[in-house]
Amino acid sequence: MSHVLSTYARFPVTLVRGEGTRVWDDAGKSYLDFCTGIAVCALGHCPPRLVNAIREQAGTLMHVSNLYGIPQQEELARVIVEDHVKLPGKVFFANSGAESNDGLIKTARKFGHTRPQPDGSPRYEVLSFTKSFHGRTLGGINATGQDKVKEGFDPLLPGFRHLPFNDLAALEAAISPITAAILLEPVQGEGGVNVATPEFLRGVAALCKKHDLLLLLDEVQVGFGRCGPTMAWRAIAPELEPDGISWAKGMGGGFPIGAFWLSDRPVDASGKTLSSLMGPGSHGTTYGGNPLACAASLAVLAEVTEKNLEANVLRQEQRIRETIASWQSPAITEVRGLGLLLGIGLDVTKFAVPEGKLPAAFICGKLLEAGLLVPPAGPETIRLLPPLNVSDAEVDEALLIVHATLSSLITPLR
Ligand SMILES: *Cc1c(COP(=O)(O)O)cnc(C)c1O
């Protein structure tokens with residue numbers, strides 16, 4: 001009997017070792033890993049540069065309080081601002097995506113106090129979107145546009161509303177005097193791999209300007225090269241200038257770290273900046289941004305940049321799309337996504353799915369039996385999240401497994 005709280009319906013496999021794009025279970029069977037801990041192991045498993053950085057830092061200084069100066073944190077913030085965001089701003093380090101989003105939500109509320117409603121009462125509402133996912137903290141589940149994460153956890157927090165994704169008119173109609181910010185994923189990951197259109201992203205930015213709202217991007221799953229360009233929004237609407245961005249997942253390559261960035265843009269006539277609203281005492285964390293986590297993330301980001309993994313991401317996306325299109329499979333409705341966050345949409349009527357199972361989870365279980373780890377994204381989509389440095393041969397092998405497995409599962413026409 002397990003003593004672990006049963007919050008997960010787990011696949012029946014126990015993983016004990018990894019190298020590159022491969023992992024092994026406790027019986028010695030190997031799998032191609034196109035799940036990568038849900039877009040976390042950006043460089044695959046145990047990449048030498050990351051392993052060495054962690055070993056070296058662990059033996060030098062693992063943790064000190066944020067009450068003291070931390071050079072690795074300063075350097076990582078500099079790299080993120082200068083080489084990745086490339087807009088003036090400041091970074092706060094956390095330990096996960098949900099926590100980073102909580103930081104953005106708190107910032108929205110600070111902003112709503114600084115720039116209140118005409119009667120002086122604060123603005124506090126954060127608009128987000130249906131099928132979004134923003135994490136499992138109380139802030140995260142309230143921002144998330146899926147009922148399943150909220151069941152049994154009401155009363156919900158005030159100040160959240162969800163609008164249909166990629167629907168600018170509905171969003172504009174929902175903006176009210178209490179609205180302070182709009183929070184969105186440039187590509188929705190957990191909600192089924194849905195890409196924001198350029199018109200939508202640009203329209204959201206214009207509405208933020210018009211109504212004095214913060215534009216907050218959740219790049220927890222898509223940031224740092226997953227979609228090609230280091231910042232995913234730049235793959236869609238490169239000229240966009242967000243006010244805040246959150247990250248986690250891939251930025252540590254497997255070491256837990258998250259972060260959020262706030263713009264240095266002025267928020268009042270005196271020139272006070274948005275980033276300065278989160279001043280001393282406003283926010284904190286014991287672990288966030290410790291020397292070990294920052295050394296790990298510095299190694300990951302250096303590898304992504306120096307090896308030009310953006311080029312590999314775009315190349316493999318192209319190869320995957322072309323191969324899947326060439327199958328002309330009746331089981332596949334479309335391939336959605338950007339870079340190496342790809343969703344294979346399934347025609348679920350083509351499969352005989354056992355009672356009580358969601359089609360995508362059922363098929364992911366069959367792919368696992370065939371030697372490929374992939375997670376579902378919603379009930380009808382399987383997600384491909386290989387490492388950013390995945391090779392041609394690994395992509396080909398994985399796609400062979402997908403093709404053979406889907407073909408074997410399609411219910412024959414009577
Ligand atoms: C995974 C994810 C989160 C939550 O991150 P955790 O590290 O699990 O807290 C938030 N937003 C998005 C877009 C995610 O994909």
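The values are calculated or read from the model by the stated rules, or taken from the named source; none is laboratory data. In this text the structure is predicted, and so the values were computed from the model without any measurement. Glycine gets a Cβ as well: all are built from the backbone with ideal geometry, and neighbour counts include every protein chain shown.
Summary of values
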item: Check on ALA269, modelled with pLDDT under 95, more than 24 Å from ILE141 (Cβ to Cβ) and not aromatic (Phe, Trp, Tyr); result: yes
item: Matching entry among VAL91, VAL81 (being part of a helix (DSSP H, G or I), touching a strand residue (DSSP E or B) at 6+ places or on another chain (Cβ under 9 Å) and within 21 Å of GLU219 (Cα to Cα)); result: VAL81
item: Those residues of the stretch 72-86 which are out of contact with any helix residue (DSSP H, G or I) (no Cβ under 8 Å at 6 or more places or on another chain) and of a type outside the set (Asp, Glu), in sequence order; result: ALA77, ARG78, VAL81, VAL85, LYS86
item: Candidate set: the stretch 383-414, residues that are surrounded by fewer than 17 Cβ atoms within 10 Å (Cβ to Cβ) and of a type in the set (Gly, Ala, Ser); chosen: the one farthest from THR323 (Cα to Cα); result: SER408
item: Residue check, GLY89 closer than 29 Å to ALA235 by Cβ and within 16 Å of the ligand (Cβ to nearest atom); result: no
item: Which listed residue is within 15 Å of ALA296 (Cβ to Cβ) and in a loop (DSSP other than H, G, I, E, B), from ALA27, ALA53, ALA42, ALA9; result: ALA42
item: Pairs with Cβ under 7 Å, 6+ apart, first in the stretch 342-360 and free of Cβ contacts under 8 Å to residues at least 60 places away in the same chain, second loosely packed, with under 13 Cβ neighbours inside 10 Å and of a type in the set (S, T, N, Q); result: ALA352/THR411
